[in-house]
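Structure first, then comments.
The values are calculated or read from the model by the stated rules, or taken from the named source; none is laboratory data. Please read these numbers as outputs of a predicted model, since none were measured by experiment. When we count neighbours, we look across all protein chains shown, and the Cβ atoms used for this are built from the backbone with ideal geometry, even at glycine. Areas reflect the complete protein model, heavy atoms only, side chains present, ligands, DNA and RNA absent. Shrake-Rupley method; radii C 1.70, N 1.55, O 1.52, S 1.80 Å.
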Amino acid sequence: MAITVNFLLWNLKIFSQKRLLSTNGYRALDTIAATVVCTNTSVIGMLEVIDSGFAYALAYNLVDNLKTRLPGSQWGMRSLTTSQNDCYLLVFRTDLGFTFCDAYTTDEDANGNRLEFPSTNTRRGGRLPGAYFFQYTDNNTTKYFSVILYHAPGPGSLFCALGIENIPSSDAVTLFHETVFPPNNQPTYITDHALTACLIGGDFNVNSDSSAYNGAMNLGYTAILPPSRQADPRVALSTIKKNTQSGGYASTLDYRVNAFDNIFAKLPNTGRENAAQVVDLLSYLQVQPNHPCPQLALCGAAFDPTAIKNGTAITSNPLNNNEDAWHVYSEAISDHLPVYASYTF
């Protein structure tokens with residue numbers, strides 16, 4: 001039978017143990033959990049989590065929170081180190097028809113050739129994509145799909161576009177390399193399983209209308225939110241302004257800057273995208289009539305403004321205006337909004 005994967009991608013802005021233990025750390029964690037529940041997320045990929053060891057502590061705390069909010073739900077987790085102080089973290093449901101298999105970073109294409117994933121100033125040596133593999137059963141046949149996370153070097157880096165162009169050629173887009181370890185004195189061997197679908201989420205650090213995305217587009221991928229495809233281009237923007245005008249803005253969309261965060265999908269012919277959005281947490285953290293997720297308004301009200309930079313400017317609790325929500329979100333949670341998409345295949 002077909003499965004549906006609801007995928008949330010979030011750059012968490014240097015989330016460390018020190019930050020988790022700070023005054024508003026667990027309030028930020030509550031907001032992450034409430035967002036997962038609000039969007040009915042089944043797979044959440046997190047970037048800028050500091051240190052793989054801490055990543056599991058963060059994941060365990062998040063899973064405990066999610067089990068309280070969703071009694072009976074079952075979750076798994078896996079982190080992949082990208083550099084000494086940075087890792088990708090994936091937390092996923094284990095009770096919705098798909099099962100985690102393995103995860104690894106890779107810089108190879110399907111033929112074993114090395115791909116270039118740049119650092120700030122060189123063509124190689126930067127973060128590699130992290131690939132997570134899952135299996136499910138369709139018509140009594142075991143099938144596989146991958147979720148790939150990627151964090152490109154910062155905006156303005158000399159070769160930033162190079163990694164984006166190379167991801168569609170990664171072996172993890174088409175194959176799951178399963179290594180089998182038999183008993184001692186027997187050779188190990190690798191079985192390649194073809195993938196039926198691939199979801200790629202990342203902070204790409206270039207706008208999603210950039211020519212850097214052409215390689216993915218030409219290989220049949222769909223980016224969920226290029227500004228040029230929107231009636232209002234602002235809905236595709238995901239990063240948050242560092243400063244605002246006096247009095248703030250009338251729309252939460254005006255607090256956004258760049259379309260750096262996105263999700264690509266390559267699906268079988270029978271697959272479909274069900275929904276996609278940049279999650280407007282600047283709105284959801286505020287009280288409002290007919291709130292789509294009241295728990296997020298409670299999260300917004302819980303933050304301690306005395307532990308927020310320029311928190312004395314916050315005038316409401318619960319939050320009831322865009323400027324207050326911007327202060328809380330940009331200082332206590334992240335400078336990136338999460339991106340969400342749902343796929344059935």
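Name the pairs whose Cβ atoms lie under 6 Å apart, with the first residue in the range 149-166 and at negative phi, the second open to solvent by 10 Å² or more (accessible area, probe 1.4 Å) and among the acidic types (Asp, Glu), and 6 or more positions between them or separate chains? Close Cβ pairs (under 6 Å, with a partner that is open to solvent by 10 Å² or more (accessible area, probe 1.4 Å) and among the acidic types (Asp, Glu)) amount to 162/116. Taken over the range 125-158, the criterion of being more than 19 Å from residue 263 (Cβ to Cβ) and touching a helix residue (DSSP H, G or I) at 6+ places or on another chain (Cβ under 9 Å) is satisfied by 126, 153, 154.
In the range 58-86, the residue that is surrounded by the most Cβ atoms within 10 Å (Cβ to Cβ) out of those that are among the charged types (D, E, K, R) and farther than 22 Å from residue 118 by Cβ is 78.
When the range 17-52 is limited to residues that are surrounded by 21 or more Cβ atoms within 10 Å (Cβ to Cβ) and among the small types (Gly, Ala, Ser), the one that is nearest to the chain's Cα centre (by Cα) turns out to be 45. Residue-level analysis places residue 197 outside the set of residues that are under 16 Å from residue 103 (Cα atoms) and assigned to a helix (DSSP H, G or I). Checked against (1) open to solvent by 10 Å² or more (accessible area, probe 1.4 Å); (2) outside any helix (DSSP H, G or I); (3) farther than 30 Å from residue 157 by Cβ, residue 319 meets all criteria but (1).
With respect to the conditions (1) within 17 Å of residue 80 (Cβ to Cβ); (2) in contact (Cβ under 8 Å) with a residue 60 or more places away in the chain, residue 110 falls short on a single one, namely (1). Restricting 25, 53, 45 to those that are of a type outside the set (Lys, Arg) and in contact (Cβ under 8 Å) with a residue 60 or more places away in the chain reduces the list to 45. Checking each residue in the range 231-254 for being of a type in the set (A, V, I, L, M, F, W, C) and assigned to a helix (DSSP H, G or I) picks out 235, 236, 253. Scanning the range 104-114 for residues that are of a type in the set (Lys, Arg) and either in a strand (DSSP E or B) or in contact with a helix residue (DSSP H, G or I) (Cβ under 6 Å, 6 or more places away or on another chain) (or both) turns up at least one hit. Among the residues making up the range 121-152, those that are outside any strand (DSSP E or B) and either open to solvent by 40 Å² or more (accessible area, probe 1.4 Å) or at pLDDT below 95 (or both) are 121, 122, 123, 124, 126, 127, 128, 139, 140, 152. If you check 103, 55 for being farther than 25 Å from residue 180 by Cα and open to solvent by less than 60 Å² (accessible area, probe 1.4 Å), only one passes: 55.
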